[in-house]
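The values are calculated or read from the model by the stated rules, or taken from the named source; none is laboratory data. Keep in mind that what you see is a predicted model, and the values were worked out from it rather than measured. As a convention, Cβ positions derive from the backbone with ideal geometry for all residues, glycine included, and neighbour counts pool all protein chains shown.
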Amino acid sequence: MAGPVSGTFYVVGGAVRDALLGRPSNDRDWVVVGSTPEALAAAGYKPVGKDFPVFLDPRTGEEVALARTERKSAPGYHGFSFHADPSVTLEDDLARRDLTINAMAQAADGRIVDPFGGRRDLEARVLRHVSPAFAEDPVRLLRLARFAARFHDFTIAPETLALCRALVDAGEVDALVPERVWQELARGLMEARPSRMLAVLRACGALARLLPEVDRLWGVPQPPEHHPEVDTGAHLLLVLDQCADVQAPLSVRWAALVHDLGKGTTPRSEWPRHIGHEGRSATLARAVAERLRVPNDCRELADTVAREHTHVHGSGGFGAAALVRLLERCDAFRRPQRFAELLLACECDARGRAGLEARPYPQRARLAAALAAAQAIDSAAVAAAAAARGAKGPAIGAAVHDARVAAVAATETSRSASSGT
């Protein structure tokens with residue numbers, strides 16, 4: 001650590017948990033017991049906490065917090081008052097944490113301090129709250145769902161799930177700020193089994209409060225010839241886990257989450273078909289993104305995937321002209337990387353169906369090849385030649401379009417010849 005400080009330092013939280021599990025840990029958090037803000041500042045630690053005393057070690061950049069207690073003082077995530085002074089014990093500090101597996105500390109000599117049975121719950125693969133105060137902070141519910149997605153072989157203690165339901169019933173979830181909801185959802189989507197995050201949120205009623213557009217997908221049937229799992233919510237969970245299996249980026253996983261929202265608004269009289277759900281999905285996805293203040297890269301990809309995923313699925317029957325029109329609608333020439341992410345999202349959608357997880361998805365390679373062929377033309381030269389012929393405005397654009405169609409047609413002919421079809 002930096003300079004000499006009165007008090008005792010402990011590594012706390014995730015670093016201790018991950019070490020006991022034999023998992024790598026990205027960083028370490030420290031708690032110091034028996035010290036003061038003045039003592040830490042005098043030793044060179046840099047204060048960063050606004051609501052409670054947190055400092056950065058000037059040599060390692062690791063966070064060091066004074067041991068503290070907290071008390072609920074108002075509704076919502078920010079409704080807490082904190083108390084930190086040398087009299088606060090390590091157990092006092094650990095008692096305010098969310099789960100027992102996160103409420104352990106390690107002393108400098110390697111000794112594990114575990115007043116709430118975190119090591120026992122690690123061995124039993126159980127996610128359990130530390131105290132009834134868990135129900136006072138709605139962020140803890142989101143964190144529980146995220147940890148369930150990470151440690152997907154862990155169960156959730158029934159009494160912890162009951163506290164989550166009580167938290168939702170008390171309206172605490174409604175007080176969450178959009179930025180924190182997005183932060184936790186995004187982190188959960190990037191875990192090994194994002195489906196479990198949704199399952200936990202749904203089990204305690206939080207999904208209906210936070211993402212009602214997603215929650216209403218359960219109980220909505222789809223054509224069994226295309227969706228052996230039938231239920232739209234079940235399909236969504238499979239798609240998300242397909243995204244995780246291929247280590248898709250966050251933008252793809254978010255697009256997967258919202259790509260079928262329109263199916264939740266299909267009139268029952270039209271079940272199990274969902275004609276026109278693509279446009280409704282895009283509209284709902286934009287509204288959710290606005291509400292949660294989702295970053296632009298995620299919201300833009302989600303909009304395109306919602307509108308075009310069924311066209312991508314059906315593109316195996318498209319001719320060259322239809323392929324180029326699809327590329328243009330997806331803005332593939334200006335945004336080729338985003339188009340590649342769209343194709344990945346569509347592949348995960350196609351494979352997120354019961355028993356069809358390993359089926360081929362040739363549409364992805366074919367559309368990527370079509371884009372490469374169309375990009376290979378010298379559009380500037382084509383435009384200049386059209387202008388030399390007297391073409392203007394839209395006519396020049398049409399000439400570029402036609403050249404792209406010809407290039408894709410040539411690639412398609414070559415592909416068919418080489419495959420013998």
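Could you list, ordered by first residue, the pairs with Cβ atoms under 7 Å in which the first is in region 148-162 and under 9 Å from Glu191 (Cβ atoms) and the second is at pLDDT 95 or above and of a type in the set (Gly, Ala, Ser), at least 6 apart or interchain?
Note: pairs meeting the criteria are Ala149/Gly188; Ala149/Ala192; Arg150/Ala192; His152/Ala192.
Confirm whether Ala399 is closer than 30 Å to Arg280 by Cβ and aliphatic (A, V, I, L, M).
no
Scan region 224-240 for residues that are hydrophobic (A, V, I, L, M, F, W, C) and under 10 Å from Arg351 (Cα atoms) and jot them down.
If the condition is that a residue be hydrophobic (A, V, I, L, M, F, W, C) and under 10 Å from Arg351 (Cα atoms), then Leu238, Val239 are the ones that fit.
Output yes when any residue across region 354-366 is modelled with pLDDT of 95 or more and either over 25 Å from Thr310 (Cα atoms) or touching a Ser or Thr at 6+ places or on another chain (Cβ under 8 Å) (or both), and no when none is.
yes
Working only within region 169-218, note down all residues that are outside any helix (DSSP H, G or I) and hydrophobic (A, V, I, L, M, F, W, C).
Ala170, Leu176, Val177, Met190, Ala192, Cys204, Leu211, Leu217, Trp218
May I ask you to say which residue of Asp137, Asp114, Asp57, Asp121 is of a type in the set (Asp, Glu), modelled with pLDDT of 95 or more and within 27 Å of Gln183 (Cα to Cα)?
Asp121
From the set of residues in region 144-159 that are of a type in the set (D, E, K, R) and surrounded by fewer than 17 Cβ atoms within 10 Å (Cβ to Cβ), which is nearest to the chain's Cα centre (by Cα)?
Asp153
Six or more apart or on different chains, Cβ atoms under 6 Å: show the pairs whose first residue is in region 369-388 and within 10 Å of Val400 (Cα to Cα) and whose second is part of a helix (DSSP H, G or I) and among the small types (Gly, Ala, Ser).
Correct list of pairs: Ala374/Ala407; Ile377/Ala403; Ile377/Ala407; Val382/Ala399; Val382/Ala403; Ala386/Ala399.
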